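Only one structure is covered here, and it is reproduced in the block below.
The values are calculated or read from the model by the stated rules, or taken from the named source; none is laboratory data. Predicted model only: the values in this text are computed from it and were never measured. Cβ atoms come from the backbone with ideal geometry, glycine included; neighbour counts cover every protein chain shown.
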Amino acid sequence: MAIRVLLPQPILPAGYEYLREHGYEVVDGRGFTEEDIIADIGDCDAIIVRTAKITEKILDAAPKLKILARHGAGYDGVDLKAARKHGVLVCTAGGANAISVAELTIFYMLYCSRNFKKVQSLYLEDYRQAKMGVPKTELEGKALGLTFWQCFARNRLYSTSVPGIKPYLYIIPFFLAYFVLDLSLRFTYRGAGIVGVKFLPASLFTLGWALVFAGLVFFLPKIPRWFVRCVPLVTFVVIAITHSGFMSAFRRFFSFSVLTYGGTGEFMDASYIKIDWKVIVGAAIAVLLMMTSGRLLKVIPPKPVKASVLAGVAACLVGVGVIAFTHFHYFPVADTVIWETSQEDNRSKAYHELSDSTNALMVSGLYQYTVRDLVRQVFPANTMSNEERQQVDQYVAEYEAAQTDNEYTGLLAGKNVILVQLEAIDTWMLQEAYMPNLSKLKAESISFTNHYTPAYITAGTFNTEFMTNTGLLPATGGIATSVYGNNSFPYSLANLFGQQGYTARSFHNSEGNIYDRSNIHLNLGYEQYYGGTDLAMENYQMDRYLINGFDQMTEGNPFFSFVITLSGHGPYGEDNPSYQAHAEAAQAAAQRTDGNYVYAVAGAMETDQFIGELVDFLTQANLLEDTVLIFYADHYNYYMMDDALNMDIKGVDNMNMLQHTDFFIWSSDLEATQVDKVTSSVDVLPTIANLFGLDTSGAFLVGHDGLGDQGGYVFFSDGSWYDGETYWSSQGGGTGDPDRSAEITKLTTLSNWVLAGDYYRSQE
């Protein structure tokens, strides 16, 4: 039996012909009033309507009706609620007349712009007036748009039609895209943080942000919808890949604080950055899933309906609720500690402080970490409450009261000082075969054999020089280096020596825009910063040319010069100038085939050549006997790109202990001594201050004199600490001393307050 199709109004002959050719029985209706349609529809299976109104009364009279097709682009005149009640499928001919409508639109645009109606009425009676006197305009260069009311309020909020459930299936691949990207990053580096990929709050944060982005897509029109759907994901794909690159180069994830460091520097070559293939695959899958969601979105009307607006708002609110719940439930703000005997405490520290980007991302997930990190950089917390100030004041008073003199106090007062920060010179490099000049000086020095340079945030070099120069921990909680440039540091090394009549200058191969040194070093009390151009270095990568600044280094009586080497810096390779200069000697001395090992040795040899020339110049200038040489490494040599090899060479079994480096002080007035007490970067300033009798009264110092009785521990950015006997791991290993944990917690918290609140300036 043929399917009966009712036509209340005539259609084009081609339509009749099409229906009949395909076996349909066409019923010509008697009219398109409600009464007419009721009279005709009783035994019809389908109906095609144009302007006719289809009411519930009509549907009640059509027991056989299965489908209603509108001969138009919308659902005008159709009682959709009644249609769903009767199980009648409603469809439209969306886009069928799109070309005609577009052409008609263009016609009316031209019609109106040329004022055609008025021209036509005047044409015969006053040709000249019609041609010259009637205002007209051209469309070229004009912008066509719709008012907010037209595109949003009238056409969307007051629409009641719902396209059904199918269009919203896009939400499945949409969600999966965000989850896959986040999980691929955290799974790839699951062993890098406090916790791995199974940590629940990170996934909840991801869920919340996916809901927020999905909700926005629900109630936006086509173009903004595309933007919100694509741009955030693409942005996070780029960020995820950046995280992977940073992890390969710096053993930590990316932080926006890096962007606040001035300049870029040619030495920041990307050739040693390796993107993990699992992150690439995860990013590719995420993009494909988002493209799939885009295909499903095409069936959603360009102007979202009332129901979708409400659904979108609801999704956003639920997403924000999930984020807020996870934030407050899993990471309580009150009594947040940094080093304690609980993994939960360390998770909370990582989340709130963002000082350890690796663990912060692991516990936050990609999206929450990114948003919080960006906000903390744009809106740094640079205030200090009265209560915080009082606690710092109390600590400073207690610290000063506990200081006692020792046999080294003031022993080197008045002598010249050259402080050298050695780029990536690891403990295993300091042997006669690789660095004969520096190893000889070390053998004649006070050598701190249990010294560590813990890496905080990114930029190990800059953070180490900051700790050394100030005795403070590097900024945490999103404080950018721009803050360093404005803070007051009256107790920096340069200022302390300056108070004793010393000249103070700093020297480095790179230019002053790198980490904003030209400004920050001046603020730290140095009279001038000398970069590669200032020193007329023929090749900024080769430390030997630092000797060009010898006259400036030794100007003043007495003088304090801070020199930062570079040749040990990556990337390594055969085109590295240090390797080209020392390739044969490095290969012969190393007697190894590992490429990066040999390259590292070549860089160390170049640095050693500068040290040898520096000692020779001091000797020739009759300054060596009156000059103290102080050396320390900025970080372990992670440019080796193989931490397993590094740990094997150094005989350690974890990443924190890998940060064991050298710190030694040479002077003709000092006997060679080995100090086994644990020291770290923050101990360098108080040790130097004691030796030279510098007045640190009123200073807030995190570290202690390495030659004194106090201190004797190092604390790492992930919450672990070591005191020479006990290594306590934040990941649950070892048994920590509660008193030591409490002391370290207090110090790190106070240090952050001092830096964030510009403690010394507030006292002025």
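Applying the condition of being of a type in the set (Val, Ile, Thr) and within 15 Å of Asn637 (Cα to Cα) to the range 650-679 and asking which residue is modelled with the lowest pLDDT yields Val652.
When Thr453, Thr404 are checked against the criterion of being buried (at least 23 other Cβ atoms within 10 Å of the Cβ) and polar (S, T, N, Q), a single residue qualifies: Thr453.
When Ala210, Ala283 are screened for being at pLDDT 75 or above, more than 30 Å from His521 (Cα to Cα) and in contact with a Phe, Trp or Tyr (Cβ under 8 Å, 6 or more places away or on another chain), only Ala210 passes.
Inspect the range 99-109 for any residue being surrounded by fewer than 15 Cβ atoms within 10 Å (Cβ to Cβ) and over 30 Å from Val134 (Cα atoms) and give the result as yes or no. Yes, because at least one residue in the range 99-109 is surrounded by fewer than 15 Cβ atoms within 10 Å (Cβ to Cβ) and over 30 Å from Val134 (Cα atoms). Scanning the range 656-713 for residues that are within 28 Å of Met435 (Cβ to Cβ) and hydroxyl-bearing (Ser, Thr, Tyr) turns up Thr661, Ser667, Ser668, Thr673, Thr679, Ser680, Ser681, Thr687. Please verify whether the range 604-612 includes one or more residues that are in the same structural domain as Phe466 (by TED's automatic domain parsing), within 29 Å of the chain's Cα centre (by Cα), at negative phi and not charged (D, E, K, R). So far as the range 604-612 goes, no, none of its residues is in the same structural domain as Phe466 (by TED's automatic domain parsing), within 29 Å of the chain's Cα centre (by Cα), at negative phi and not charged (D, E, K, R).
Pairing each residue of the range 506-525 that is over 26 Å from Ser578 (Cα atoms) and in a helix (DSSP H, G or I) with any residue that is aromatic (Phe, Trp, Tyr) and at pLDDT below 85, provided the two are 6+ apart or on different chains, yields C-beta distances under 6 Å for Ile520/Tyr484.
List every residue pair whose Cβ atoms lie under 6 Å apart, where the two residues are 6 or more positions apart in sequence or sit on different chains, the first residue falls within the range 423-443 and is under 20 Å from Tyr639 (Cα atoms) and in contact (Cβ under 8 Å) with a residue 40 or more places away in the chain, and the second residue, located anywhere, is β-branched (Val, Ile, Thr) and in a loop (DSSP other than H, G, I, E, B). Final answer for the pair search is Glu423/Thr565.
Residue-wise test of (1) part of a helix (DSSP H, G or I); (2) out of contact with any helix residue (DSSP H, G or I) (no Cβ under 9 Å at 6 or more places or on another chain); (3) modelled with pLDDT under 90.
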site: Ala69; (1), (2), (3): no, yes, no
site: Gly72; (1), (2), (3): no, yes, yes
site: Asp76; (1), (2), (3): no, yes, yes
site: Ala82; (1), (2), (3): yes, no, no
site: Val90; (1), (2), (3): no, no, no
site: Ala96; (1), (2), (3): no, yes, yes
site: Ala102; (1), (2), (3): yes, yes, yes
site: Ile106; (1), (2), (3): yes, yes, yes
site: Tyr111; (1), (2), (3): yes, no, yes
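Counted as qualifying within the range 649-764 are the helices (runs of 4 or more DSSP H) with 3 or more residues that are of a type in the set (Ser, Thr, Tyr), namely 738-756, 759-763. Ser271 meets each of the listed conditions (1) under 28 Å from His635 (Cα atoms); (2) surrounded by fewer than 17 Cβ atoms within 10 Å (Cβ to Cβ); (3) at pLDDT 80 or above apart from (3).
In the range 64-81 there is no residue that is more than 58 Å from the chain's Cα centre (by Cα) and small (Gly, Ala, Ser). Please verify whether Gly133 is farther than 15 Å from Val5 by Cα and not β-branched (Val, Ile, Thr), treating the condition exactly as stated. Against the criterion (farther than 15 Å from Val5 by Cα and not β-branched (Val, Ile, Thr)), Gly133 qualifies. Taken together, the criteria place Gln659 among residues that are on the phi < 0 side of the Ramachandran plot, buried (at least 22 other Cβ atoms within 10 Å of the Cβ) and in contact with a strand residue (DSSP E or B) (Cβ under 8 Å, 6 or more places away or on another chain).
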